[in-house]
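Below is one structure, written out as structure tokens, with a few remarks after it.
The values are calculated or read from the model by the stated rules, or taken from the named source; none is laboratory data. Everything numeric here is computed off the predicted structure, so don't read it as measured data. Reconstructed Cβ throughout: ideal geometry from the backbone, glycine too, with neighbour counts over all protein chains shown.
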Amino acid sequence: MNWRHWLMPGRRLRELGILGMNQRNADFILPYNARARYPLVDDKRRTKDLAAAAGIAVPPLYAVVEIEHQVEELETLLEPYPEFVIKPAHGAGGEGIWVVANTGSGRFRLASGEQVGFDELGYHISSILSGLYSLGGLPDCALIEYRVRFDPVFDAVSYQGGPDIRTIVFRGVPVMAMLRLPTRESGGKANLHQGAVGVGVDLRDGQTFSGVWRDKPLHLHPDTGNAVSRIQIPHWDEILSLTARCCDLVELGFVGVDIVIDRDAGPLMLEMNARPGLSIQLANKAGLLPRLNRLRRLQRVPPSISERVSLAKRIADATSELRTD
Amino acid sequence: MHSLHVKVLAVLLVAIGLSFCYYKVTRLGLPLLPTEDAEVWTVEARIEFKARTTIPVKVQLAIPKSPAGYTVVDENFVSSNYGLTTEDDGVHRTAMWTVRRTKGYQVLYYRIHLARDPMAVPAPPQLAPAPATVPELPEVLRPAAQALLDEAKSKSADVVSFSRELLTRFNDADPDANVSLLRQDLQTPHEWVRREIDLLAGGGVPARTIHLLMLRDGVRHGDLTPWIEVYDGHGWQPFNPRSGEAALPKDCVVWQVGEGPVLDVQGGRFVKVEYSVSRHTQDMAVVAEHRARQMGSRIMEFSLFSLPVQTQNVYRVLLLAPIGALLIVILRNVVGVNTFGTFMPVLIALAFRETKLQWGLILFTVVVALGLAIRFYLEYLKLLLVPRLAAVLTIVIMLMAVISLLTHKLGIDRGVSVALFPMVIMAMTIERMSLVWEEFGAREAIQQGFGSLTVAALAFLLMSDKLLGHLVFVFPELLLVILAAMLLLGRYTGYRLTELWRFRAALRG
């Protein structure tokens, strides 16, 4: 270990090409993400509609609860679905998402194992409607949608909830991806700041390598004890082109696209984020800046999806010398 | 591109802010430091007379005209039902009170507040006098005067040294026969000065009387002191009529120049004028303000000092908020501290101004802790968001009232000022803290709460700094400099300090 790294940590981070919060906001989000496009990603319902219209696979929407009154009809509304997910349309950080299984006779089981009745579900939906989970506390609506049945490939490394793949896409080109694995601590949620494990994904072939948990490197899943590296993510090229298409869809220059893999339906786009987090760099043991800067220098990004996917792989190839298996 | 634009703008703002500030300090003499106090003298002339009932009353009082070395901070005339006019002929200034019909004893006041000011504008050069007319001294005195003049003339080279020589001899403690003769019929100081002027005129030197008011603290029934001024061909030189020393006394004001009477009352008897003097200190900024206004500075038209005092006090506090905001910007974007609500700590810090730090921290902690406890109970009731927030707000206000009452009963005055806490901010803090508590655990919530409180304490310490408070109020243009700093930080793309810790795993690689 070089003592100079500790004396001047800022310079060392710069050398590694780590993107900081200030630079993310000032150099990428502000110039590349037009404010007017934010509602498209902040409102999950609009994202879903937009994606469905463009033929991008998303978890099917069962129902939308928009007004308090509808909470009373919850019983008939939920009747046909043995399993479903309740989430706020304007949620952030995975908050307010309940994964529910109907156990019959008005009882439901949450992903955490907790048993609830209609009362609790209704109160939760009311909280969503009143804006408890939405940005800025604005009134919101609750989405009830298909519960993804996760591809068994990640069963060995996830605890309850569902793993997803977060890809950062810049100017329509995927630049970095990570697999997010829920843990007991994260309560089945796949958000890193809630305690999920982030695992770096090699953009070239979709293989995972070193992970990170609570800002520290990690090799074995904290709950299941299985290695998180060397997992081959299925449908990898399809996922990459999916993320590129999603980026075009919302016309945002710098987005995080979250994709889940359904056992039957394959990759589904779950949601997008116009302010993607930076922990992905820790999971990948690589900074975003070298890749972003290459793309920033490009006069013109190829319009075809397949060209962009191969460009993404070339850039990853040229900047992945830090990868250590 | 954006960065360059921002930098240019910032430089421009700093330049404007600092140059205004520089102008105010160097030209208008506004003090940079808050501790500077100016010496202010309050001089009052009290005129008393008994009015004749038959004729209109007209009172003329000579008053000082821009006294050298002092700034007139304020000047007022107390004259109930009299008409008042002031005249200024370039050398003399007079106040004239007139009334057509009045009776009984009359009292008029003229009051002037003077601040010592080395930078005060010097009086304009005065016109050369007419050649001295040789006065008619009584026959018996002429030889003595001539002898004295000859003696003084033989021992001097020019007007100034001649005058000094003559006056020194005339005031000799052990006078010779000539001087004794010249002095023997003089009774009042005025006659003394009159005789000296006559002698100087006899020697061909133009001289005149001026009336000085000595500034001595606590003088009650003072009078003016006559002094001599001699024209040396370029300007008037003051001489002490009692010693021949060529100077004005320390701490004095030239009240009147020339021979005319200081006070002239028509239609009055038993006329009397008395002067009283007192000294006190006043904030230098206020004095400088008055001076600048006298200089007719346009900038001062837009000074905060021209607002009513109450509004001034509001701005004294408000202008500090940007400093707190800058601190928040630095702590959030350069250090990376998270607080409940962006500017919550600034508002809490403003409330601390009243409660003071120690009590502020205690009261804040008590209110938030009690509020949180009740909030957890509300959670159990499963209330909707807005009604719940309203309930928390109401509870916060009730808590504040209860704390005020309790501390008042216990005789802790500081506790009463809990009422100044921004209650909406408190309610939101409690709400957000309880959410963080539920979602991320007690540790995270207490950590963030403690962080917010630390930032508030820092902001308070910064904002209660006397120097900063003085600077932003007297030089509000310095806010442009703060604005420039904020703009620059708005384009700061370096790492936050906390990110160095967050990405420590990368450093290890």
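Answer with yes or no whether B:T365 is under 30 Å from B:L468 (Cα atoms), assigned to a loop (DSSP other than H, G, I, E, B) and of a type in the set (V, I, T). No.
Matching residues to (1) under 14 Å from B:N240 (Cα atoms); (2) in contact (Cβ under 8 Å) with a residue 12 or more places away in the chain; (3) over 44 Å from the mean Cα position of the chain (by Cα):
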site	(1), (2), (3)
B:S161	yes, no, no
B:R164	yes, yes, no
B:L167	yes, yes, no
B:N171	yes, yes, no
B:D174	no, no, yes
B:S180	no, no, yes
B:G204	no, yes, yes
B:L215	no, yes, no
B:G222	no, yes, no
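Scanning the stretch B:235-257 for residues that are in a strand (DSSP E or B) and more than 27 Å from B:E44 (Cβ to Cβ) yields B:W236, B:Q237, B:F239.
Mind checking which residues of the stretch B:305-324 are surrounded by 16 or more Cβ atoms within 10 Å (Cβ to Cβ), of a type outside the set (V, I, T) and not in a loop (DSSP other than H, G, I, E, B)?
B:F305, B:A321, B:P322, B:G324
Among all residues of the stretch B:489-509, there is none that is part of a helix (DSSP H, G or I) and more than 14 Å from chain A (Cβ to nearest Cβ). Across the stretch A:75-87, the qualifying residues are those that are closer than 19 Å to A:G161 by Cα and more than 15 Å from the chain's Cα centre (by Cα), and the one among them that is surrounded by the fewest Cβ atoms within 10 Å (Cβ to Cβ) is A:P82. Where helices (runs of 4 or more DSSP H) fall wholly inside the stretch A:235-325, the ranges with 3 or more residues that are in contact (Cβ under 8 Å) with a residue 60 or more places away in the chain and within 14 Å of the chain's Cα centre (by Cα) are A:236-250. The residues of the stretch A:137-164 that are among the β-branched types (V, I, T) and either assigned to a loop (DSSP other than H, G, I, E, B) or touching a Ser or Thr at 6+ places or on another chain (Cβ under 7 Å) (or both), listed by number, are A:V148, A:V157.
Which one of A:P31, A:P9 is of a type outside the set (K, R), free of Cβ contacts under 8 Å to residues at least 12 places away in the same chain and within 11 Å of chain B (Cβ to nearest Cβ)? Talk me through it step by step, then tell me what you get.
Numbers: A:P31 fails: free of Cβ contacts under 8 Å to residues at least 12 places away in the same chain.
Matching residue, one of A:P31, A:P9: A:P9.
Flag not set for B:V309, criterion: at pLDDT 85 or above and β-branched (V, I, T).
Residues that are touching a Pro at 6+ places or on another chain (Cβ under 7 Å) and closer than 20 Å to B:G415 by Cβ were ranked within the stretch B:326-380; the one that is surrounded by the most Cβ atoms within 10 Å (Cβ to Cβ) is B:A351. Inspect all residues belonging to the stretch B:457-476 and state whether any of them is modelled with pLDDT of 90 or more, within 14 Å of chain A (Cβ to nearest Cβ) and out of contact with any Cys (no Cβ under 9 Å at 6 or more places or on another chain). Scanning the stretch B:457-476 turns up no residue that is modelled with pLDDT of 90 or more, within 14 Å of chain A (Cβ to nearest Cβ) and out of contact with any Cys (no Cβ under 9 Å at 6 or more places or on another chain).
The residue that is surrounded by the fewest Cβ atoms within 10 Å (Cβ to Cβ), among those in the stretch A:42-65 that are touching a strand residue (DSSP E or B) at 6+ places or on another chain (Cβ under 8 Å) and within 24 Å of B:L385 (Cα to Cα), is A:V64. Entry remark, the stretch A:18-67: residues being of a type in the set (S, T, Y) and closer than 22 Å to A:V85 by Cβ number 2 in total.
For the stretch A:184-234, the set of residues classified as more than 14 Å from A:V153 (Cβ to Cβ) and either in a strand (DSSP E or B) or in the same structural domain as A:L110 (by TED's automatic domain parsing) (or both) consists of A:V197, A:G198, A:G200, A:F209, A:S210, A:G211, A:V212, A:W213, A:K216, A:P217, A:L218, A:L220, listed by residue number.
Out of everything in the stretch B:411-425 that is touching a Phe, Trp or Tyr at 6+ places or on another chain (Cβ under 8 Å) and assigned to a helix (DSSP H, G or I), what residue ends up being nearest to the other protein chains (Cβ to nearest Cβ)? Among residues in the stretch B:411-425 that are touching a Phe, Trp or Tyr at 6+ places or on another chain (Cβ under 8 Å) and assigned to a helix (DSSP H, G or I), the one nearest to the other protein chains (Cβ to nearest Cβ) is B:S417.
Identify all residues within the stretch B:366-392 that are away from chain A (no Cβ under 14 Å) and either under 30 Å from A:G96 (Cβ atoms) or basic (K, R) (or both); write none if there are none.
From the stretch B:366-392, those away from chain A (no Cβ under 14 Å) are B:366-374, B:376-377; that's our starting set.
Scanning the stretch B:366-392 gives B:V367, B:V368, B:A369, B:L370, B:G371, B:L372, B:A373, B:I374, B:F376, B:Y377.
When A:L220 is tested against (1) farther than 23 Å from A:L295 by Cα; (2) in contact (Cβ under 8 Å) with a residue 24 or more places away in the chain; (3) more than 14 Å from chain B (Cβ to nearest Cβ), exactly one condition is not met: (2).
Could you tell me which residue of the stretch A:97-121 is farthest from the other protein chains (Cβ to nearest Cβ), considering only residues that are within 18 Å of A:E66 (Cα to Cα) and crowded, with 19+ Cβ neighbours inside 10 Å? Steps first, please.
Pass one, the stretch A:97-121, residues within 18 Å of A:E66 (Cα to Cα): A:97-98, A:118-121.
Filter once more, so that each one left must be crowded, with 19+ Cβ neighbours inside 10 Å: A:97-98, A:121.
Numbers: A:I97: 12, A:W98: 14, A:L121: 12 Å.
Ranking the candidates gives A:W98 first.
Table: residues versus (1) within 21 Å of B:S464 (Cα to Cα); (2) under 22 Å from the mean Cα position of the chain (by Cα); (3) in contact (Cβ under 8 Å) with a residue 12 or more places away in the chain.
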residue: B:A247; (1), (2), (3): no, no, no
residue: B:V257; (1), (2), (3): no, no, yes
residue: B:S303; (1), (2), (3): no, yes, yes
residue: B:N333; (1), (2), (3): no, no, yes
residue: B:Q358; (1), (2), (3): yes, no, no
